[in-house]
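In what follows, a structure is listed as structure tokens, so that the remarks can point back to it.
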Amino acid sequence: MNTLKNEMDMDFTKTQFPEGIHMCLIYDRDEDRQKIVSEYMAAGLKQGEQIRYLTDTTAPEVVRSWLSEMGVELPEEDPSLKVFSAESAYCQNGQFNPRELIPTLPPRYELAKKAGYSGQRSCGEMTWALKGIPGSDRLLEYEALLNTIVANFPHSGMCQYDARRFDGATLFKVLKLHPWMIVRGKIVQNPYYVSSEEFLGELKPGR
């Protein structure tokens, strides 16, 4: 696991974590998901980080209402919280190409730091990958590639997977590609984690 000096407060776990953590939240209860996600975002804002929320099924105003319920009020145009369509963020030009997307992430982090933020954390609803968008079958490749750039992209990322929408086989593969996972409201190191090198080495040539 990485040993970066900066530490991040996840709030809902009351534990400090190294900056640069890639975790998955697999959930089947909306109430549990809302609590974890809203506290995760609120902790980042409290630490002066920039938050990027990539939404698929949740309306932007609902995301803001989660924070409001916690007493966090932000002006609508406050750049500390950026809410984007997951499809537009992940699928530029109408298709998903993880090997083109991944190199654009470290510069984004650097821009946030130059703007005065202490760090950056993101939270993405991954149901966009179930819409049949060209390239969406490369989702697992993307998750693996994220783990290869942590040194240049030391941000906190939470990938949300709805267990009611994704099949069990896919979720098990997703789980193996996240070094950290959220279990019963706590972030734990993933005992099922498979290195990105091992996973990517098994991909078909040209993928």
Of those in the stretch 33-59 that are farther than 17 Å from Gly124 by Cβ and among the basic types (Lys, Arg), the residue surrounded by the fewest Cβ atoms within 10 Å (Cβ to Cβ) is Lys46
Here the residues within the stretch 136-167 that are more than 24 Å from Gly94 (Cα to Cα) and at pLDDT 95 or above are Ala163, Arg164, Asp167
When Gln189 is run through (1) surrounded by fewer than 16 Cβ atoms within 10 Å (Cβ to Cβ); (2) at pLDDT below 95; (3) over 17 Å from the mean Cα position of the chain (by Cα), the failure sits at (3)
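Inside the stretch 52-87, can you point out the residues that are small (Gly, Ala, Ser), touching a Leu at 6+ places or on another chain (Cβ under 9 Å) and assigned to a helix (DSSP H, G or I)?
So in the stretch 52-87, the residues small (Gly, Ala, Ser) come out as 59, 65, 68, 71, 80, 85-86.
Subset that is touching a Leu at 6+ places or on another chain (Cβ under 9 Å): 68, 80, 85-86.
The answer is Ser68, Ala86.
Between Val183, Val188, Val194, which is in contact with a helix residue (DSSP H, G or I) (Cβ under 9 Å, 6 or more places away or on another chain) and over 20 Å from Leu45 (Cα atoms)?
When all the criteria are applied, what remains is Val194.
Being outside any loop (DSSP other than H, G, I, E, B) and on the phi > 0 side of the Ramachandran plot, is that true of even one residue in the stretch 94-107?
The first filter runs over the stretch 94-107 and keeps only residues outside any loop (DSSP other than H, G, I, E, B), leaving 94, 98-107.
Now narrow it down to the ones that are on the phi > 0 side of the Ramachandran plot: 94.
Yes: one or more hits.
The values are calculated or read from the model by the stated rules, or taken from the named source; none is laboratory data. Quick caveat: nothing in here was measured; it's all calculated off a predicted structure. Heads up, the Cβs are rebuilt from the backbone with ideal geometry, glycines too, and the neighbour counts pull from every protein chain shown.
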